[in-house]
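So the structure is just underneath, and the comments pick up after that.
The values are calculated or read from the model by the stated rules, or taken from the named source; none is laboratory data. In this text, all values refer to a predicted model and were calculated from it rather than measured experimentally. Virtual Cβ from ideal backbone geometry, glycine too; neighbours counted across all protein chains shown.
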Amino acid sequence: MLDIKFIRDNLALVQEAAKNKNRQVEWDRLLALDDKRRELIGKAEAIRAKRNKAKKATTEVEKQVGRALKQELKALEKELKAVEEEFDALMLTVPNVPDKSVPVGKDSSGNKEVKKWGEPAAFDFEPKDHIELAKALDLIDFERGAKVGGRRMYFLKNEAAQMELALMWYTLNKLAAKGYTPLVAPSLVKEFTLVGNGQFPWGREEVYALEKDDVYLAGTAEVPVTAYFSGEVLEEKDLPKKFVAFSPCFRREAGSYGKDTKGVYRLHQFNKIEQVIISTNNLNNSFTLHEELLANAEEILQDLVLPYRVLLMCTGDMGEPQVKKYDIETWMPGRSAYGETMSNSVMGDFQSRRLKIRYKTKDGKTLYCHTLNNTALASPRILIAILENYQQKDGSVRVPKVLQGYLGKKVIQYPHV
């Protein structure tokens, strides 16, 4: 959420930002409600001042005046509440302002490649995609997954199940060794967490709701972990707070039918390790941390020896809360293209304003924190890249060196030995 004073002082800037992020905002209505809100607050304060004087009344006439003021204030507060509710709802529709370094673009075609690492393998045979490999090696059961859970559900089997857990454990330990606090985060969350991280109101249709219990299934550990300090005031000396969190993730993927729905690229349920940082209100410092998060994710892919590229996301493909965002795409031979495996975002104080996460500075000021997050690893999507890049001519798949100790083998083959 942006500050209304910032919006008023920089109206052209925030309007352009919303336009570039393909979002419509009722600007005239928002500003009119803010004017009305200010007017009603002023009137309420004036009436309260009169009431304070009327409390000292001694005559019946003065007491009647006090009672009349009480009724007038009650009606005014009711009107103010209605105005503030509509104002607050409209404020939630205002997206964040991108950094000047972010390219302007309508969609993914406007993203800018900033880095590449590794070279895609040149196979001396016709490579298979992960679906063929998984079926031939008995690693993923798509049919029984769909029978039990519906479309886009699956069973990981044999070495695929072991490899997913190995990847999660490897990544969690790697980042814990870098000073990130390890967490296992809840997937069931209250609505305020989704409003707080900026998924609501825009992405409500993507989220599974459990109406009977008034909770939701989070699509990323960013949701619960960013809300970890909601409503709290931290100390500057304790920042930044760095977390690495494991959680099962759930996404409806509404509107994506027919798009990347074969295999395990786009799913309703998956597991993920997420990096989250809560830091000071200093954008230069946040950009430094943003690069740190990117480097962590790159290290993981380099450990796995998987070719990848880094994209600087354009305004129309970066999401509403972000100030700046990178995506990492990993080479997937079955697609003959790179596929997204990690996202890395800096939000400024957009989320902390919604979640009321503040800190006291050394000189006694109270400021809103900055928040950042990055996918360290998401599975089974990362399994696509491993299976397809490590496949061999005989149909077997080599195990990445860093995972061989977890699986107790160097090659996956069928029958399993």
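Which residues, counting only those in the range 299-311, are touching a strand residue (DSSP E or B) at 6+ places or on another chain (Cβ under 7 Å) and surrounded by 18 or more Cβ atoms within 10 Å (Cβ to Cβ)? So that I can check it myself, show each step before the final result.
Pass one, the range 299-311, residues touching a strand residue (DSSP E or B) at 6+ places or on another chain (Cβ under 7 Å): 300-302, 306-311.
Scanning the range 299-311 gives I300, L301, L306, P307, Y308, V310, L311.
Applying the selection to the range 162-181, what residues are small (G, A, S) and within 14 Å of I382 (Cβ to Cβ)? I'd like the intermediate steps shown before the answer.
From the range 162-181, those small (G, A, S) are 166, 176-177, 179; that's our starting set.
Within the range 162-181, just A166 meets the criteria.
In the range 139-155, which residue that is touching a helix residue (DSSP H, G or I) at 6+ places or on another chain (Cβ under 6 Å) and of a type outside the set (V, I, T) is modelled with the lowest pLDDT? Spell out the reasoning first.
Let us first name the residues in the range 139-155 that are touching a helix residue (DSSP H, G or I) at 6+ places or on another chain (Cβ under 6 Å), namely 139-140, 153-155.
Cutting the leftovers down to of a type outside the set (V, I, T) gives us 139, 153-155.
Values: L139: 97, M153: 93, Y154: 96, F155: 97.
Across the range 139-155, the extreme among qualifying residues is M153.
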| What do you reckon, is T315 closer than 26 Å to M91 by Cα and among the hydroxyl-bearing types (S, T, Y)? | yes
| task | State whether the residues of the range 282-297 include one that is of a type in the set (D, E, K, R) and surrounded by fewer than 19 Cβ atoms within 10 Å (Cβ to Cβ). | result | yes
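Test V305 against the criterion of being over 28 Å from M91 (Cβ atoms), of a type in the set (A, V, I, L, M) and not in a helix (DSSP H, G or I), and give yes or no. I'd like the intermediate steps shown before the answer.
Details: over 28 Å from M91 (Cβ atoms): yes; of a type in the set (A, V, I, L, M): yes; not in a helix (DSSP H, G or I): yes.
Yes: the conditions hold for V305.
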| said: Need a quick list: helices (runs of 4 or more DSSP H) entirely within the range 1-114 having at least 2 residues that are in contact with a Lys or Arg (Cβ under 6 Å, 6 or more places away or on another chain) and either under 30 Å from F287 (Cβ atoms) or not hydroxyl-bearing (S, T, Y) (or both). | reply: 60-91
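Is it fair to say N52 is in contact (Cβ under 8 Å) with a residue 40 or more places away in the chain and among the polar types (S, T, N, Q)?
Details: in contact (Cβ under 8 Å) with a residue 40 or more places away in the chain: no; among the polar types (S, T, N, Q): yes.
When the stated conditions are applied, N52 does not pass them.
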| query | Cβ-Cβ below 7 Å, separation at least six or inter-chain, first residue in the range 133-144 and in the same structural domain as I384 (by TED's automatic domain parsing) and outside any helix (DSSP H, G or I), second surrounded by 15 or more Cβ atoms within 10 Å (Cβ to Cβ) and of a type in the set (D, E, K, R): which pairs? | reply | D138/K157; L139/K157; L139/E159; I140/K157; D141/K157
| Only one of (1) surrounded by 15 or more Cβ atoms within 10 Å (Cβ to Cβ); (2) touching a Leu at 6+ places or on another chain (Cβ under 6 Å) is not met by L156, so which one is it? | (2)
| query | Does R29 satisfy being touching a residue at least 60 places away in the same chain (Cβ under 8 Å) and loosely packed, with under 14 Cβ neighbours inside 10 Å? | reply | yes
| task | Within the range 384-417, track down each residue that is touching a residue at least 40 places away in the same chain (Cβ under 8 Å), under 25 Å from L175 (Cβ atoms) and either touching a strand residue (DSSP E or B) at 6+ places or on another chain (Cβ under 7 Å) or surrounded by fewer than 23 Cβ atoms within 10 Å (Cβ to Cβ) (or both). | result | I384, A385, L387, N389, V399, P400, K401, V402, L403, Y406, L407
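Test Q302 against the criterion of being more than 18 Å from G339 (Cα to Cα) and in contact (Cβ under 8 Å) with a residue 12 or more places away in the chain, and give yes or no.
Numbers: more than 18 Å from G339 (Cα to Cα): no; in contact (Cβ under 8 Å) with a residue 12 or more places away in the chain: yes.
No: the conditions fail for Q302.
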| Name the pairs: first residue in the range 113-130 and in contact (Cβ under 8 Å) with a residue 24 or more places away in the chain and assigned by TED's automatic domain parsing to the domain that holds P333, second residue surrounded by 11 or more Cβ atoms within 10 Å (Cβ to Cβ) and among the hydroxyl-bearing types (S, T, Y), Cβ to Cβ under 8 Å, at least 6 apart or on different chains? | V114/Y326; K116/Y308; W117/Y308; G118/Y308
| In the range 167-208, what residues are in contact (Cβ under 8 Å) with a residue 60 or more places away in the chain, surrounded by 14 or more Cβ atoms within 10 Å (Cβ to Cβ) and either more than 20 Å from F246 (Cβ to Cβ) or not assigned by TED's automatic domain parsing to the domain that holds L306 (or both)? | F192, V195, G196, G198, F200, W202
